[in-house]
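Enquirer: Just dropping this structure here.
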Amino acid sequence: MLLEDGGVEMLTKKSRLILRPLEELQIQLKGSVAINKVDIDATIDKQFKPGLFLQIKQFLTGNHSEFKSIQEQAESCGIYSQIAKGNKQNIIFFPSKSLFRFYSN
């Protein structure tokens, strides 16, 4: 779920994952009110635009397996358009390929 403040929340069967800001991960386990920060190394994402450094590294080393195909990008155009227009409705998007790695249990 895209939040008004630019953060993202995701629900799994066992937890709620909160990215607010996007470079920081917090987790709330099902049945708990406690929200705990997950220590992740976001050094690169703080030095460069988040995700850009690793995307360029993968591209330059020929590792294209994590990139979406042209067809997959075309299928995602509707969601990109909603984001660009500033759509404040909850957007649920499950990409078949992603450069993001989310903690889930």
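We did not get these values from a lab; they are worked out from the coordinates using the rules stated. Keep in mind the model is a prediction, meaning the values are calculated, not measured. Here the Cβ is made from the backbone with ideal geometry for all residues, glycine too, and neighbour counts use every protein chain on show.
Enquirer: What ranking do 9-17, 71-79 get when scored by the average of other Cβ atoms within 10 Å per residue, highest first?
Expert: On the way: 9-17: 13.9, 71-79: 11.6.
Taking the mean over residues of other Cβ atoms within 10 Å, the ranking is 9-17, 71-79.
Enquirer: Going out from 0 in 10 Å bins, what whole percent of all Cα-Cα distances in the stretch 1-40 drops into each bin?
Expert: 32, 57, 11
Enquirer: What is the distance, in nm, between label points placed 7 Å from the Cα along the Cα-to-Cβ direction at MET10 and at GLN55?
Expert: The modelled label-to-label distance comes out at 1.7 nm.
Enquirer: Then there's this: Distance in nm between label sites at HIS64 and GLU24, each 7 Å beyond Cα in the beta-carbon direction?
Expert: 3.8 nm
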